[in-house]
1. Out of all the residues in segment 50-68, which are in contact with a helix residue (DSSP H, G or I) (Cβ under 7 Å, 6 or more places away or on another chain) and over 12 Å from residue 383 (Cα atoms)?
2. For the subset of segment 78-107 comprising residues that are farther than 20 Å from residue 354 by Cα and part of a loop (DSSP other than H, G, I, E, B), which member is nearest to the chain's Cα centre (by Cα)?
3. Taking segment 198-237 as the region of interest, how many residues are touching a residue at least 12 places away in the same chain (Cβ under 8 Å), assigned to a loop (DSSP other than H, G, I, E, B) and under 24 Å from residue 174 (Cβ atoms)?
4. May I ask you to verify whether residue 266 is in a loop (DSSP other than H, G, I, E, B) and either in contact with a strand residue (DSSP E or B) (Cβ under 8 Å, 6 or more places away or on another chain) or surrounded by 15 or more Cβ atoms within 10 Å (Cβ to Cβ) (or both)?
5. Of the conditions (1) surrounded by 15 or more Cβ atoms within 10 Å (Cβ to Cβ); (2) touching a residue at least 24 places away in the same chain (Cβ under 8 Å), residue 353 clears all except one; give me its number.
């Protein structure tokens, strides 16, 4: 009598569980039959192509069990290919060199150096332009005139480097400011009018009183009378009537006929208003777009904004370990980062469970592996292996 090879293998391996076909659910303690990739095999064929799978107990490459003081450690819970505290082998930590604007991270089991910004308050783009590890990432290419935007990109004489670009944008000039320089528009800058350092001040024959909503400042590169912010001289009489002018008679917010400038008319569906603190502009009111105009002048979706959830300025609470803040339909929520879960239903410790490696919560809360036989959870799945592999149970 012919005996199928899979049954012989089952008897030899010592697996006593019921065979399970691919696609059926099995708890962590069960072995499983896995269907052959060739599902189209003739049903009349005498050869049985199923492969027997048993519980795995040894960590597959590149996983390991690395003990760390004060930390919960799961069997095979460390990925040696990318864990910066256990890179390539347990205990081999990739070191940070923050004073040198440099740190190392684990890539394919090796610590690799990379440049970082160590200042939380100033944006930098640090690079290693001299290829010397000793001084780290020594150059900020956002501000270095010798390495502007990239190592070796030298700005012309007298030019500074701003945000990785040499000199100032078209129409602006570079003027001294504080301990450095600043780019200004010489046509409108009241302190650098026409040239650096030419500050506009009221002349000896200044109007007294000044026409309404006016001041002395820079107009077309020359010091003259000009309008206050968001006010406009739409009848153009300042230049002709001088002190007798009616000043800047038009403007302010909510002027739908002169919104942001003379003659700029808003459509019937629009209002003249600030948009995110700028403007004014002709724009569709917040309420007509399903949003709310908050006191800071910004249109906000109160149903989803984490800093204005449900009502303006209602910031959702800070996230706990392995959590992210969220606002759903105007209600704050704390959600788990991918791969983590709150299996103990205790918000105080956040999403405490690592579903990728926890043997009692493998892939989902309550999904336990066969811990008694030594089965680990690897990347959210209870480890199974072919029955002829070392450590198979």
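1. Residues satisfying the conditions are 50, 52.
2. Out of the qualifying residues, it is 101.
3. 5
4. yes
5. (2)
Residues are listed down the side, and each one gets a yes or a no for (1) in contact with a helix residue (DSSP H, G or I) (Cβ under 6 Å, 6 or more places away or on another chain); (2) surrounded by 16 or more Cβ atoms within 10 Å (Cβ to Cβ):
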position: 166; (1), (2): no, no
position: 178; (1), (2): no, no
position: 190; (1), (2): no, yes
position: 197; (1), (2): no, no
position: 207; (1), (2): yes, yes
position: 213; (1), (2): no, yes
position: 223; (1), (2): no, yes
position: 226; (1), (2): no, yes
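Taken together, the values in this text are just the output of simple stated rules run on the coordinates, not laboratory data. Just so it is clear, the structure is predicted and the values come from calculations on it, not from any experiment. Every residue, glycine among them, receives a Cβ derived from its backbone with ideal geometry; neighbour counts consider all protein chains shown.
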